[in-house]
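What follows draws every value from the coordinates through simple rules; no lab data is involved. Predicted, not measured: the structure shown is a model, and the values here were computed from it. Reconstructed Cβ throughout: ideal geometry from the backbone, glycine too, with neighbour counts over all protein chains shown.
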Amino acid sequence: MPVPRSRRTQAERRATTRARILGSTAECLLERGYAATTISEVQERAGLARGTIQHHFPTRAALLVGAISHLVDSRIERFRAEAALVEDGPGKMQAVVDLVWRDLTSPVFFAALELWVAARTDADLRAALVPEEKRLFASMRELYAGTLGEPYTSDPRVDTLVEFTVDLLTGLSLATMLAPDGGARDAVLARWKRALAVLAGLLPAVELLDGPGTIGP
């Protein structure tokens with residue numbers, strides 16, 4: 001005899017609907033941009049009544065603030081899942097650089113970028129975005145350190161090297177967003193991996209000129 005399926009609670013239904021709305025909002029930000037991400041557009045994408053959307057997010061501003069938290073949570077969850085697959089070994093530092101690069105070229109990042117640009121001139125959006133971005137960066141730094149493990153975690157240089165990596169790769173992602181050049185991009189990534197190894201004391205400085213070398217603890 002089949003086991004009857006348990007009915008979802010009201011809280012579970014609410015969470016599912018909210019996630020559906022925010023997922024549609026993220027898709028709209030990525031595909032249409034900030035200006036076109038309206039309640040009507042999200043309603044159509046989500047396949048929900050306008051009243052349902054506005055029950056969860058009464059205004060467009062509330063919807064976009066909700067999208068900020070949703071995008072941050074999505075990036076943290078995705079990075080944590082991928083970081084768990086990184087294996088120990090001499091290539092761990094390079095693997096973490098690759099993780100950061102995948103995050104900064106993911107659809108979720110580019111959807112968040114739409115909100116960053118809009119927040120430059122929207123004080124209310126900026127006020128909601130800044131604490132969420134601080135939460136994101138704090139979680140990411142913790143994940144980077146945890147993924148690297150020792151001897152990197154206790155190395156006082158690692159925090160700075162992580163900041164350099166995020167800043168460099170963010171700039172590279174933006175630079176290649178409109179005019180992608182796979183060869184130039186891959187060359188920059190390879191050079192930065194070697195530079196990190198030199199800065200961390202894993203390779204002699206000559207490796208920056210001579211080639212990739214072997215990077216390991």
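Some observations on this one:
- Folded to 0 to 90 degrees: helix 158-178 orientation relative to the chain principal axis, Cα: 60
- Taking the C-alpha atoms only, the angle from helix 123-148 to the longest principal axis of the chain is near 50 degrees.
- Computed from phi, the 3J(HN,Hα) profile of segment 75-92 under the Karplus parametrisation 6.51, -1.76, 1.60 (θ = phi - 60°) reads 5, 5, 4, 5, 5, 4, 5, 6, 5, 5, 8, 6, 8, 5, x, x, x, 5 Hz, with x in place of Gly and Pro.
- Hydrodynamic radius (Kirkwood) for segment 1-101, which is based on Cα pairs only, to one decimal in Å: 16.0
- Between segment 70-112 and segment 121-193, the alpha-carbon centres lie 10 Å apart.
- Pairwise Cα distances in the chain exceed 23 Å for 56 percent of all pairs.
- Taking all Cα pairs closer than 8 Å and separated by 6 or more residues, the relative contact order of segment 68-210 comes to 26 percent.
- With a Förster radius of 25 Å applied to the C-beta separation of ALA15 and THR153, the computed FRET efficiency comes to 0.10.
- Taking label positions 7 Å along the Cα-Cβ direction at both GLU82 and THR38, the computed distance is 3.5 nm, reported to one decimal.
- Between helix 10-32 and the chain there is an angle of about 60 degrees, using the helix long axis and the longest principal axis of the Cα atoms.
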